[in-house]
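K.L.:
Below you'll find the structure I mean.
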Amino acid sequence: MGTKNDSAAQIRVARALKGLNQDELAREIRLDPSALSRYEKEGATAPPPEVMDRICTATEARRDLLEGVVTAYRVLQATAWRPPAAHAENLAAEVASCFAAALAPALVTLTAPDGRPVVKDAPPTAEDRAEAQTLFLRLSPRTAEERLLIVGVGRQYRNAALCERLCDESKSATARSAEDARRWADLALRVAERLPGPARRRAKAMGYACAFVGNAQRVANEFPAVDAAFARSRALYEVAHLDAPGWFLEARVFDLEASLRRDQGRFRDALELLDRALAGCEPTDRVRLQLKQASTLEQDDRPEQALAVLEEARPAIERGEGGPRFRWVLGFNVVKNLIQLHRAAAAEPHLAELRRLTAERNDDLDSLRLRWLDAAVWAELGRRTEALAEMAAVRAEFAALKLPADAALVGLHEAVILLEDDRTAKVRALVRAMKPIFGALDLRRETLATYRLFVAAVEREVATATQARALAKAIEQAGKRVDGAGPRPGQVRSTEG
């Protein structure tokens, strides 16, 4: 639906309702008939807002009515309905009947409007959130087309808390489907565009929703549309300035854009955005952002600073924020950074705590990752043979579980150890054996190029441990595209909380 120029259809509907042809409407609104003809063609550029305002005035048609009719028509199109030739003389009745059948499931969700929507200046309350959840539950079982119709026509859906709730759903949906994430974000933007109250407040809501549209595009690798979405988000926040404090926190927008910049390898930009997010975030988001900040510093080869951030987050996590999962993530990332700093001896107390937490959580995947971490510490302490044997076993288990990204990372860790020991023939055999694992990965173009260069170097026995680490970093980075929501199939589970 979003690919169609709905303004074109809206103009045709407005003309039909008033009984005007193109020339007559063009005269009414003082517009060249050829320009109006262009605006009415599907796929053409939409007319400027002032032209649509003049059309609505001349045809005495409300814009929301035109939007509802056109959205309803799109729903009917989706049913692939065509009028039978035998009923051509009763076409109006046939169309009405089909509209009723197609739209009934959606229209029953609409309740009678109870006056103008309430405009609130205060931050959202528990009551606001509860009302938004009720509206969300009405929308949830409907198709994407029906949802767009409902929020376009139903005045009670012009609700700021609902806009935020739809954005939350978009963020959650990224773990399941980039397409679903985009649909929820588009719906949030549609709600934002219709919010009552000052234009600045509406701009802030739209800027917030645009960031979630961009986040869904990021997960779907839709570049450069992602950059455009975040640019529009920033521009709308500038229009909004300080309107509606407590609603549509810009800290969340900074958080989402930080994920984009990290995916692009722009770690310094990502860290600057995370600093801004931390400065204005809700207290409940602080620890999660700190874990994300530490992970980004680790990827930027700054393990000392990553450890400092993790220690800053430790008191809150030990008080229970984030639950057992955050405690496990904290310990895991502390050990990873200590290994990177060649301080494996200092890791043992943290490993002991990780073993206890893993046993309590009874999580098989975390158990596998802990075995991998144990082996990495053994390698640093000189127990190379034991480390390689354990890593090979862990790699095989990840592959059997159809988690190729995890298996690839373990195998590349093995390759680093072998390359550091100048065992190039072993590395070649290892990489050849791992070809099905790499083949199962959905590698982005730049990561695929890094992989191919590494394989070529391995075959010539000139590969280096630095190359293996670079490929591992690229694969791990790809596995963190879905922040805090769990991995997509075949990808690494987030170690940011």
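K.L.:
Between a first residue in the stretch 322-350 that is over 12 Å from Ala376 (Cβ atoms) and a second residue that is open to solvent by 70 Å² or more (accessible area, probe 1.4 Å) and not in a helix (DSSP H, G or I), which pairs have beta carbons less than 8 Å apart while being 6 or more apart in sequence or on different chains?
P.N.:
Ala345/Leu381
K.L.:
Something else about it: Under 8 Å between Cβ atoms, which residue pairs at least 6 apart in sequence (or on different chains) link something in the stretch 164-191 that is over 14 Å from Ala220 (Cα atoms) and β-branched (Val, Ile, Thr) with a partner that is open to solvent by 30 Å² or more (accessible area, probe 1.4 Å) and outside any helix (DSSP H, G or I)?
P.N.:
What qualifies is Val191/Arg158.
K.L.:
Do you know which residues across the stretch 427-450 are within 22 Å of Ala400 (Cβ to Cβ) and assigned to a helix (DSSP H, G or I)?
P.N.:
Ala429, Leu430, Val431, Arg432, Ala433, Lys435, Pro436, Ile437, Phe438, Gly439
K.L.:
Still on this structure: Please state which one of Ala279, Ala306, Ala313, Ala294 is assigned to a helix (DSSP H, G or I), farther than 23 Å from Arg369 by Cβ and of a type in the set (Gly, Ala, Ser).
P.N.:
So the residue among Ala279, Ala306, Ala313, Ala294 that is assigned to a helix (DSSP H, G or I), farther than 23 Å from Arg369 by Cβ and of a type in the set (Gly, Ala, Ser) is Ala279.
K.L.:
With respect to the numbered conditions (1) more than 30 Å from Gly320 (Cβ to Cβ); (2) in a loop (DSSP other than H, G, I, E, B); (3) within 17 Å of the chain's Cα centre (by Cα), which one is the sole condition not fulfilled by Phe248?
P.N.:
So Phe248 meets the others, but not (1).
K.L.:
If you scan the stretch 153-181, which residues turn out to be over 23 Å from Ala130 (Cβ atoms) and crowded, with 24+ Cβ neighbours inside 10 Å?
P.N.:
Thr174, Ala181
K.L.:
Next question, about the same structure. Could you please find all residues in the stretch 377-424 being more than 15 Å from Leu365 (Cβ to Cβ), open to solvent by less than 10 Å² (accessible area, probe 1.4 Å) and in contact with an Asp or Glu (Cβ under 7 Å, 6 or more places away or on another chain)?
P.N.:
Result: Met391, single match.
K.L.:
If you scan the stretch 214-231, which residues turn out to be among the hydrophobic types (A, V, I, L, M, F, W, C) and either open to solvent by 10 Å² or more (accessible area, probe 1.4 Å) or more than 24 Å from Gln133 (Cβ to Cβ) (or both)?
P.N.:
Val219, Ala220, Phe223, Ala225, Val226, Ala228, Ala229, Phe230, Ala231
K.L.:
Sticking with this structure for a sec: Looking at the stretch 276-286, which of its residues are closer than 18 Å to Ala308 by Cα and over 20 Å from the mean Cα position of the chain (by Cα)?
P.N.:
Of everything in the stretch 276-286, just one residue is closer than 18 Å to Ala308 by Cα and over 20 Å from the mean Cα position of the chain (by Cα), namely Ala279.
K.L.:
If you check Glu193 against the conditions, is it among the acidic types (Asp, Glu) and within 18 Å of Arg129 (Cβ to Cβ)?
P.N.:
no
K.L.:
Considering only the stretch 1-33, state which residues are modelled with pLDDT of 85 or more and outside any helix (DSSP H, G or I).
P.N.:
Asn21, Ile29, Arg30, Leu31, Asp32
K.L.:
Among the residues of the stretch 34-56, which ones are touching a residue at least 24 places away in the same chain (Cβ under 8 Å) and either touching an Asp or Glu at 6+ places or on another chain (Cβ under 6 Å) or assigned to a helix (DSSP H, G or I) (or both)?
P.N.:
Leu36, Tyr39, Met52, Arg54, Ile55, Cys56
K.L.:
Looking at Glu397, Glu461, Glu414, can you tell me which residue is at pLDDT 90 or above, of a type in the set (D, E, K, R) and within 23 Å of Leu381 (Cα to Cα)?
P.N.:
Glu414
K.L.:
Does at least one position in the stretch 353-374 carry a residue that is hydrophobic (A, V, I, L, M, F, W, C), over 33 Å from the mean Cα position of the chain (by Cα) and surrounded by fewer than 19 Cβ atoms within 10 Å (Cβ to Cβ)?
P.N.:
no
K.L.:
So Arg201 ticks every box in (1) modelled with pLDDT under 95; (2) assigned to a helix (DSSP H, G or I); (3) open to solvent by less than 20 Å² (accessible area, probe 1.4 Å) but one. Which box is left unticked?
P.N.:
Of the numbered conditions (1) modelled with pLDDT under 95; (2) assigned to a helix (DSSP H, G or I); (3) open to solvent by less than 20 Å² (accessible area, probe 1.4 Å), the odd one out for Arg201 is (3).
K.L.:
I'd like to check something: does the stretch 72-83 contain any residue that is at pLDDT 80 or above, surrounded by fewer than 18 Cβ atoms within 10 Å (Cβ to Cβ) and either touching a Ser or Thr at 6+ places or on another chain (Cβ under 9 Å) or more than 19 Å from Gly152 (Cβ to Cβ) (or both)?
P.N.:
no
K.L.:
Scan the stretch 401-436 for residues that are of a type in the set (Lys, Arg) and under 23 Å from Ile339 (Cβ atoms) and jot them down.
P.N.:
Arg423, Lys426
K.L.:
To continue, here is another question. Go through the residues of the stretch 226-236 one by one and say whether even a single one is farther than 22 Å from Gln299 by Cα, over 14 Å from the mean Cα position of the chain (by Cα) and among the polar types (S, T, N, Q).
P.N.:
yes
K.L.:
Give the number of residues within the stretch 259-276 that are in a helix (DSSP H, G or I) and open to solvent by 60 Å² or more (accessible area, probe 1.4 Å).
P.N.:
The total comes to 4.
K.L.:
Keeping to the stretch 123-141, report how many residues are in a loop (DSSP other than H, G, I, E, B), open to solvent by 60 Å² or more (accessible area, probe 1.4 Å) and without any contact (Cβ under 8 Å) to a residue 60 or more places away in the chain.
P.N.:
Count: 2.
K.L.:
Right, another one. Failed condition for Cys210, given (1) within 19 Å of Pro245 (Cα to Cα); (2) surrounded by fewer than 24 Cβ atoms within 10 Å (Cβ to Cβ), with all others met?
P.N.:
Of (1) within 19 Å of Pro245 (Cα to Cα); (2) surrounded by fewer than 24 Cβ atoms within 10 Å (Cβ to Cβ), only one is false for Cys210: (2).
Residues checked against (1) within 20 Å of the chain's Cα centre (by Cα); (2) among the acidic types (Asp, Glu); (3) on the phi < 0 side of the Ramachandran plot; (4) assigned to a loop (DSSP other than H, G, I, E, B):
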site	(1), (2), (3), (4)
Glu146	no, yes, yes, no
Ile150	no, no, yes, no
Gln156	no, no, yes, no
Ala161	yes, no, yes, no
Glu164	yes, yes, yes, no
Ser172	yes, no, yes, no
Asp180	yes, yes, yes, no
Arg183	yes, no, yes, no
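The values are calculated or read from the model by the stated rules, or taken from the named source; none is laboratory data. The structure displayed is predicted, hence computed values, not measured ones. Every residue, glycine as well, gets a Cβ built from its backbone with ideal geometry; the counts of neighbours run over all protein chains shown. These area figures cover heavy atoms from the full protein model, side chains too; ligands, DNA and RNA do not enter into them. Shrake-Rupley method; radii C 1.70, N 1.55, O 1.52, S 1.80 Å.
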